[in-house]
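Here's the structure, in C-alpha cells; my notes come after.
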Amino acid sequence: MHATTPELTDDEVRVIRRDFPILGETVNGHPLAYLDSAATAQKPRVVLDAERDFLERRNAAVHRGAHTLAAEATEEFEAARATLAAFVGADAGEIVWTSNATEGINLVAYGLSNAAFGDGDPALAVGPGDEIVVTELEHHANLIPWQQLARRTGATLRYLPVDDDGALRLDLVGEVITDRTRVVAVSHVSNVLGIVNPVAELVAAAHRAGAIAVLDACQSAPHAPLDLHDLDVDIAVFSGHKMLGPTGVGVLYGKRALLEALPPFLTGGSMITTVTLDRAEFMAPPQRFEAGTQRVSQAIGLAAAARYLEAVGMPRIAAHDRRLGARLAEGLDAIPGVRVLGPVGVERVGLAGFDLAGVHPHDLGQFLDDRGIAIRVGHHCAQPLHRRLGLGASARASAALYTTDDEVDRFLSAVDEATGFFGVRS
C-alpha cells in the first residue's frame, strides 16, 4: 500500500497551507517554518470557524434543557462523537470525550484502581501479584498513571526495554508479558524517535496473557489511517490539538464491554440516573465517564478537524508524512556531529529526534528560532528513554500535512550552519 498510495503534490500542499492563517506569519523577520506539529498542530480555518459558529449560534449546555438551543447543541455534540468514531474505526458508544489523552489514560488507571477497592466489575481489580507492563520509550502520560496505579494497588510495574538504538526488545516480550500481566500500555508511535511500534504483536501478546491492551495514539491519529477495531486494542487515547483540532479536548476509545465493566473516575452531574443522599446509580457508557459540563465547542471543532483530514485523504497524508520523515532523518544523518535518534531503515512518521554533539538542544532551538524555524527541544516528556540513550535532552523536528520540502531544506541548512556557529566543525 505504501508504494502505490499517491503523495500530496507540491501544489496541493500549497493550497492546504492557505487554510492555516498562522503559516503566513513571520518570526524574527523570516517566514515561519513550523516544525513542531508533534507538540501541537496548527488549526485550519474550518476548525476555527466551526467553534465560532457554534458559540455564536447554538451555544447551550448539552443533554440538559428542553429548549431549542439545548436540543441543537446536543445533536451537534453527539454528531461530533459519531464523526470521531468513524475517523478511528469505532462505534459512537465507544468514544468518550476527555480534556486530553492524559486524562483518558488516568481515567482508565483510576477506574482500575476503583475496581480494586470494590467498585465496578471485580474482574478488573488490580492488586499485589499482578503486573502492569509499559515500554521504556513511553511518554510520561502513558507511564506515570501506571506507576501511580501500581503504587495504590500493590501491583508491580514492569517495562519492555529498548536496545541501544531505541527499538523495542521484542525478543523479551515473552519474559515481560506473562500470565501475571493485567495491563499492557504502549505508544503507537514514539514521540521522540518517530518510529512506528509493532502494535499488533504487542496486542496479541497482551491478549494471550488475558491483559488489557492500551494504546497511546497521539502521534499516529493525525498522520495515518487508524482502525482501532482492526488493531483490536481494548483502550486507546489521542488528543485533539495534535490532529488540527482545538486544545482542551481528547478522545478515549474503549471496547464497549470494557467500558461497561469499568467504574467511573470523575463523578458528579450528567453521568447519573438516580441519586439519593446515600448513593448514586451511574449511566451507561460513554456518558458514565463524562461528568460535569462538557467541552462542547471543542468537540465540534475536533470533528471539523477529522472531516478536514478525511477530505485531504489519510493515506495520502501518511505517504507525505513518511517521505518527509525520511528526508528529515537522512538529511540530519548527513550532517557531521548530528546523531539521529532511533533505528534506521524502519517505518517512521514525519518526525526526527536528534542530538548535535556538544550543543545543548535549547541553544540549538534558539539558533533556529532566530531564523524563523520552530522545533521542539527538551526531554519531550520521555525522560526514561533519553536516559537510556545517554541524553538529558534532544531536539526534534516534526512535520504535518502542511509541511513543505522547502521548510525541511531550510531546517537542514540551518542545522548545518549551526555546526560551524557552535564549533562542532571548523
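Key figures for this structure:
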| quantity | calculated |
| --- | --- |
| Identity of the residue in segment 177-210, touching a helix residue (DSSP H, G or I) at 6+ places or on another chain (Cβ under 9 Å), part of a helix (DSSP H, G or I) and open to solvent by less than 30 Å² (accessible area, probe 1.4 Å), that ends up farthest from A39 (Cα to Cα) | A205 |
| Boolean, V108 is within 27 Å of Y253 (Cβ to Cβ) and under 21 Å from the mean Cα position of the chain (by Cα) | yes |
| Evaluation of G93 against (1) in contact with a Lys or Arg (Cβ under 9 Å, 6 or more places away or on another chain); (2) surrounded by fewer than 19 Cβ atoms within 10 Å (Cβ to Cβ); (3) farther than 22 Å from T273 by Cα (one fails), failing number | (3) |
| Residue in segment 27-41 that is in a helix (DSSP H, G or I), touching a residue at least 12 places away in the same chain (Cβ under 8 Å), touching a Ser or Thr at 6+ places or on another chain (Cβ under 9 Å) and acidic (D, E) present | no |
| H223 of a type outside the set (A, V, I, L, M) and not in a loop (DSSP other than H, G, I, E, B) | no |
| Matching option when the condition is under 18 Å from A167 (Cβ atoms) and either outside any loop (DSSP other than H, G, I, E, B) or acidic (D, E) (or both), among D406, D355, D363 | D355 |
| Restricting segment 315-333 to residues that are out of contact with any Asp or Glu (no Cβ under 9 Å at 6 or more places or on another chain) and either assigned to a strand (DSSP E or B) or open to solvent by 10 Å² or more (accessible area, probe 1.4 Å) (or both), the residue that is farthest from L8 (Cα to Cα) | D333 |
| Members of segment 10-37 that are among the hydroxyl-bearing types (S, T, Y) and open to solvent by 70 Å² or more (accessible area, probe 1.4 Å) | T26 |
| H30, sole failed condition from (1) more than 26 Å from G353 (Cα to Cα); (2) more than 23 Å from the chain's Cα centre (by Cα); (3) not β-branched (V, I, T) | (1) |
| Residue that is nearest to V186 (Cα to Cα) [pool: residues in segment 207-260 that are free of Cβ contacts under 8 Å to residues at least 40 places away in the same chain and hydrophobic (A, V, I, L, M, F, W, C)] | L215 |
| Given (1) without any contact (Cβ under 8 Å) to a residue 60 or more places away in the chain; (2) of a type outside the set (D, E, K, R); (3) more than 22 Å from Q298 (Cβ to Cβ); (4) open to solvent by less than 50 Å² (accessible area, probe 1.4 Å), number of the condition T74 does not satisfy | (3) |
| Residues (under 17 Å from T178 (Cα atoms) and either in contact with a Gly (Cβ under 9 Å, 6 or more places away or on another chain) or in a loop (DSSP other than H, G, I, E, B) (or both)) located in segment 126-141 | V126, G127, P128, G129, D130 |
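The values are calculated or read from the model by the stated rules, or taken from the named source; none is laboratory data. Keep in mind that what you see is a predicted model, and the values were worked out from it rather than measured. Backbone-built Cβ (ideal geometry, glycine too); neighbour counts: all protein chains shown. SASA here: full protein model, heavy atoms, side chains in, ligands and nucleic acids out. Shrake-Rupley method; radii C 1.70, N 1.55, O 1.52, S 1.80 Å.
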